[in-house]
Amino acid sequence: MESLPTSNEGWVRGLVTLKQATELLRGGQVVAIPTETVYGLAAVATDEQAVLRVFETKHRPPDNPLIVHVHSIAQALQLGDVGEIELNLMQRFWPGPLTIIVPRKAPLPRAVTAGLNTVALRMPGHELALELIAAVGSALVAPSANPSGMPSPTRAQHVLADFNGSVPVLDGGETVLGIESTVVRIVGSECVILRPGAITEADLADVGLDVLPTPSAIEELAHSPGTRYRHYAPNTPMRLFADAYTLREAMVPGRRYVILAPYQPVEGVEWQHLTAQSVYAQLREADEKKVDEILVLCAGAVRADVALMDRLLRAAGENLLGEGT
Ligand code: TXA
Ligand code: MG
């Protein structure tokens, strides 16, 4: 990999301006960018070398395709074969956290779609990201800007820490949604949710679509290869509990815990309020504090949040304890 510009060429500790980000991307470099969901590791989608650099930087398996980020529906129409239903979804939910899989059209490098004949398209709901895509003059690939398998970054600081400042970051503040976009594919007249996110099954059903419920996190999803890998996982061991009683029973005096929950699960014990917006930052903080274990109470509002539960199950390695078995 070519060396990135040093700080005396204009950027300090990895933070770059919109103008610098534009130039770096045009020059074939990788830049971390803000979106409304999580930070993405961006590169020009039509530049094969730059796309390969994204895989290399993240240590991402080459059979896991990338999402192509556009600044308009018009740009999306150049890249994919967009049907009537998909176009309706774009008009209804873009810019926003909905990624739509369509047959690929433009000569994108094979690496982008991992050899598939479909492409994932998304128009992010973040002003800075949209301005950047327009300024670069090309769609951008952008997987979450974390080393493969780790929790996704929701702040510029997370990206700097993950890559030791070696990846330039366009700082757009803390991301407002905190977990990755909903990924859907239209099959016949049905909308299949490949990855749950902030756009829910109910939102999609609301526009008159037949929605195929999100497959369980345990299933392998033939159409979304990335879901085969363990994801979003902190280094600290993590267990999920269906109720406060089971969580309390699991606690051993003397051990240090981070407890994430929708409400205080144990009298007199320190805990943190868990939401989709906060989850990745909390998993990262638990690693920094070097506690023995992360205990998560999956009840109430947490249990009701399909996308949050999906990420928790994957991060913990699927086990939910105390579930009346
Ligand atoms: O919110 C988001 O979507 C963030 C921000 C940065 O935009 N990006 C993101 O990218 O989460 P990534 O690469 O971490 O996740 C992309 C997901 C993977 O599960 C991948 O397998 C799936 O989308 N995907 C990409 N292209 C696909 C395709 N052609 N068919 C099926 N699934 C695809
Ligand atoms: Mg990811």
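No lab work stands behind these numbers, since they all come straight from the coordinates. Just so you know, these numbers come straight off a predicted model, no measurement behind them. All Cβ positions, glycine included, derive from the backbone under ideal geometry; neighbour counts span all protein chains shown.
Here's how it looks for ALA45: its modeled amide H is under 5 Å from those of ALA139, LEU140, VAL141, which are all 5 or more places away or on a different chain.
Close amide-amide hydrogen proximity is noted between LEU321 and LEU240, PHE241, ALA242, each under 5 Å apart and 5 or more residues distant or on a separate chain (H modeled in the peptide plane; Pro and chain starts excluded).
Axis angle, to the nearest 10 degrees, between helix 127-136 and the longest C-alpha principal axis of the chain: 30 degrees.
Once backbone amide H atoms are built at 1.01 Å from N, LEU194 has VAL183, VAL184, ARG185 as its partners under 5 Å, excluding neighbours fewer than 5 places away on the same chain. Pairing the Cα long axis of helix 48-58 with the longest principal axis of the chain, what angle in degrees results, from 0 to 90 and rounded to the nearest 10? Rounded to the nearest ten degrees, it is 20. Put a dot 7 Å past the Cα of ASP81, heading toward its Cβ, do the same for LYS289, and the two dots end up 5.2 nm apart. Taking Cα atoms only, the orientation of helix 84-93 departs from the longest principal axis of the chain by about 70 degrees.
Note that segment 260-271 has calculated 3J(HN,Hα) couplings of 10, 7, x, 7, 4, x, 9, 3, x, 10, 5, 8 Hz, one per residue in order, obtained from phi through the Karplus relation 6.51 cos²θ - 1.76 cosθ + 1.60 (θ = phi - 60°); glycine and proline are x. For segment 236-253, putting each phi into the Karplus relation 6.51 cos²θ - 1.76 cosθ + 1.60 with θ = phi - 60° gives couplings of 5, x, 9, 10, 10, 10, 7, 8, 5, 4, 5, 5, 4, 4, 7, 6, 10, x Hz, in residue order, rounded to whole numbers and with x for Gly and Pro. Each label point was placed 7 Å from the Cα along the Cα-to-Cβ direction; for ASP63 and ALA135 their separation is 3.9 nm. Only helices enter the 222 nm calculation for the chain: every DSSP H run of n ≥ 4 contributes -39,500 (n - 2.57), and dividing by all residues gives -8000 deg cm²/dmol, rounded to 500.
Between GLU190 and ASN319, the simple label model (points 7 Å from Cα in the Cβ direction) yields a spacing of 3.3 nm.
Across segment 157-162, computed HN-Hα scalar couplings (Karplus, 6.51 cos²θ - 1.76 cosθ + 1.60, θ = phi - 60°) run 4, 4, 5, 4, 5, 5 Hz from first to last residue, x flagging Gly and Pro.
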